[in-house]
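Below is one structure; the comments refer to it alone.
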Amino acid sequence: MKTVYKKAISLANKNGQNFIKEMAAYYTYIGIEEGNISNWFVLIAKSKETGKYICLSISRYDSGGAASTFFGDLKYFCLQKAENTCYRFCSCIRFWLRANLIWAYEKQIKAKYNINF
């Protein structure tokens, strides 16, 4: 999607822009999700060879010289997002909440981008 590519390029710092351009040969960009920290975002991409979905952690333009990197697959992204949301709760409720948040984030991403992973 050209619009996702253009938006990602406009949000990224110089390092992130170069990383996005290099990875465009191997991946098709599906969408952008906010990261847990304000100075980076997650770019969801689909491999042109295998068809698997992955996440790329991209540094924002206001992050200084931070590097961009491979973040993991979509299931890992949902797991990290759930853990970062519920880390402050007591352990008795954390396990239940984490499991439900993972399921909810996966369902949300599947519906938002019309994909199955």
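When the residues of region 34-51 are filtered to those that are part of a strand (DSSP E or B) and in contact with a Lys or Arg (Cβ under 8 Å, 6 or more places away or on another chain), which remaining residue is modelled with the highest pLDDT? Here the answer is Lys46.
Residues are listed down the side, and each one gets a yes or a no for (1) small (Gly, Ala, Ser); (2) touching a Pro at 6+ places or on another chain (Cβ under 9 Å); (3) within 23 Å of Asn13 (Cβ to Cβ):
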site	(1), (2), (3)
Ala45	yes, no, yes
Glu49	no, no, no
Lys52	no, no, no
Arg60	no, no, yes
Lys75	no, no, no
Cys78	no, no, no
Asn100	no, no, no
Ala104	yes, no, no
Lys112	no, no, no
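For residues that are surrounded by fewer than 18 Cβ atoms within 10 Å (Cβ to Cβ) and closer than 18 Å to Tyr113 by Cα, tally how many sit in region 5-30. So the answer is 4. Set side by side, the residues Asn18, Asn114 differ, and just one is more than 16 Å from the chain's Cα centre (by Cα) and within 19 Å of Tyr5 (Cβ to Cβ), which is Asn18.
Candidates Ile54, Ile115, Ile58, Ile30: the one that is touching a residue at least 60 places away in the same chain (Cβ under 8 Å), part of a strand (DSSP E or B) and among the β-branched types (Val, Ile, Thr) is Ile30. Applying the set (1) of a type in the set (A, V, I, L, M, F, W, C); (2) touching a strand residue (DSSP E or B) at 6+ places or on another chain (Cβ under 7 Å); (3) crowded, with 21+ Cβ neighbours inside 10 Å; (4) more than 21 Å from Lys2 (Cβ to Cβ) to Ile58 leaves exactly one unmet item: (4).
The values are calculated or read from the model by the stated rules, or taken from the named source; none is laboratory data. Worth saying up front: this structure is predicted, and the values here are computed from it rather than measured. No Cβ is skipped: glycine too gets one built from the backbone with ideal geometry, and neighbour counts run over all protein chains shown.
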